[in-house]
Amino acid sequence: YDANGVQRWLVTSKIPLHGENGKIIGLVGIGRDITEQKLAQEKILKLSKGIEQISATIVITDILGNIEYVNPAFSETTGYSEKEAINQNPRIISSGLQSKEFYTDMWQTIEAGKVWKGEIRNKKKDGSLYWEWATITAIKNDKGKITNYIAIKEDITERKKMQAELIKAKEKAEEGDQ
């Protein structure tokens, strides 16, 4: 702690100081304040843990769309392990049910540095289909250059099923009214 009571982090090196008779009479040392680095590391660790533990699927790709990172929720949702997903294109989960125009619009939006949001019907490793609500955006460096893309996705399969059931029930009720 410094004179103001603020916690500081230091890296120190110390060597013994020998007297004329060879006995240690003290220490000589230097210290370097690494408080800013330590606080930055703690912030990065907090963000990393949050991404690892969130229930939403997180996928980070390079600018060509090749997967560089997936969180555990991705594996739970899709059935693909992190090792199977890394260096793959997100097409590994594509159901083929979206049009080419759908993906063209998505890519044009994120390549322009804007946020794309929408529903996607994807396919798990076992072949079963599921719905996701996705938010995809560019990650930019300090100079504003796009370096990566990040997708944050929520499985909305159950919600879509409930919506379909409600629509059927409504149609049935309207038929009864007629």
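The values are calculated or read from the model by the stated rules, or taken from the named source; none is laboratory data. Being a predicted model, the structure only gives us computed values, none of them experimental. Counting neighbours? That spans all protein chains shown, and the Cβs are built from the backbone with ideal geometry, glycine included. Protein only, heavy atoms only, side chains kept; ligands, DNA and RNA dropped before computing areas. Shrake-Rupley method; radii C 1.70, N 1.55, O 1.52, S 1.80 Å.
Just wondering, is there one or more residues in the stretch 108-121 that are touching a Ser or Thr at 6+ places or on another chain (Cβ under 7 Å), part of a helix (DSSP H, G or I) and either open to solvent by less than 80 Å² (accessible area, probe 1.4 Å) or at pLDDT 95 or above (or both)? Steps first, please.
Of the stretch 108-121, the ones touching a Ser or Thr at 6+ places or on another chain (Cβ under 7 Å) are 110, 115-117, 121.
Cutting the leftovers down to part of a helix (DSSP H, G or I) gives us 110.
Subset that is either open to solvent by less than 80 Å² (accessible area, probe 1.4 Å) or at pLDDT 95 or above (or both): 110.
Within the stretch 108-121, one or more residues are touching a Ser or Thr at 6+ places or on another chain (Cβ under 7 Å), part of a helix (DSSP H, G or I) and either open to solvent by less than 80 Å² (accessible area, probe 1.4 Å) or at pLDDT 95 or above (or both).
For the stretch 1-14, name all the residues that are part of a strand (DSSP E or B) and either touching a Cys at 6+ places or on another chain (Cβ under 9 Å) or surrounded by 10 or more Cβ atoms within 10 Å (Cβ to Cβ) (or both).
Restricting attention to the stretch 1-14, the residues satisfying the condition of being part of a strand (DSSP E or B) are 10-14.
Matches in the stretch 1-14: 10, 11, 14.
Residue-level analysis places residue 34 outside the set of residues that are farther than 19 Å from residue 149 by Cβ, modelled with pLDDT under 95 and β-branched (Val, Ile, Thr).
Could you check how many residues of the stretch 42-62 are outside any helix (DSSP H, G or I) and either of a type in the set (Gly, Ala, Ser) or without any contact (Cβ under 8 Å) to a residue 24 or more places away in the chain (or both)? Can you show your working first?
Of the stretch 42-62, the ones outside any helix (DSSP H, G or I) are 54-62.
Next, only the ones that are either of a type in the set (Gly, Ala, Ser) or without any contact (Cβ under 8 Å) to a residue 24 or more places away in the chain (or both) stay: 54-56.
Adding up the residues that qualify gives 3.
So which residues in the stretch 91-101 are open to solvent by 50 Å² or more (accessible area, probe 1.4 Å) and not in a loop (DSSP other than H, G, I, E, B)? Result: 91, 100, 101.
Within the stretch 134-158, restricting attention to residues that are within 15 Å of the chain's Cα centre (by Cα) and over 15 Å from residue 62 (Cβ atoms), which residue is surrounded by the most Cβ atoms within 10 Å (Cβ to Cβ)? The extreme case among them is 153. Name the residues in the stretch 81-90 that are touching a helix residue (DSSP H, G or I) at 6+ places or on another chain (Cβ under 9 Å) and open to solvent by 40 Å² or more (accessible area, probe 1.4 Å), would you? The answer is 81, 82, 84. Looking at the stretch 122-133, which of its residues are at negative phi, outside any strand (DSSP E or B) and either free of Cβ contacts under 8 Å to residues at least 12 places away in the same chain or surrounded by fewer than 14 Cβ atoms within 10 Å (Cβ to Cβ) (or both)? Hits for the stretch 122-133 are 126, 128.
Assigned to a helix (DSSP H, G or I), surrounded by 14 or more Cβ atoms within 10 Å (Cβ to Cβ), within 15 Å of the chain's Cα centre (by Cα) and in contact (Cβ under 8 Å) with a residue 24 or more places away in the chain - does that describe any residue in the stretch 63-80? Yes, the stretch 63-80 contains a residue that is assigned to a helix (DSSP H, G or I), surrounded by 14 or more Cβ atoms within 10 Å (Cβ to Cβ), within 15 Å of the chain's Cα centre (by Cα) and in contact (Cβ under 8 Å) with a residue 24 or more places away in the chain. Restrict the check to the stretch 30-37 and report whether at least one residue is open to solvent by 70 Å² or more (accessible area, probe 1.4 Å) and acidic (Asp, Glu). Yes; the residues of the stretch 30-37 include at least one that is open to solvent by 70 Å² or more (accessible area, probe 1.4 Å) and acidic (Asp, Glu).
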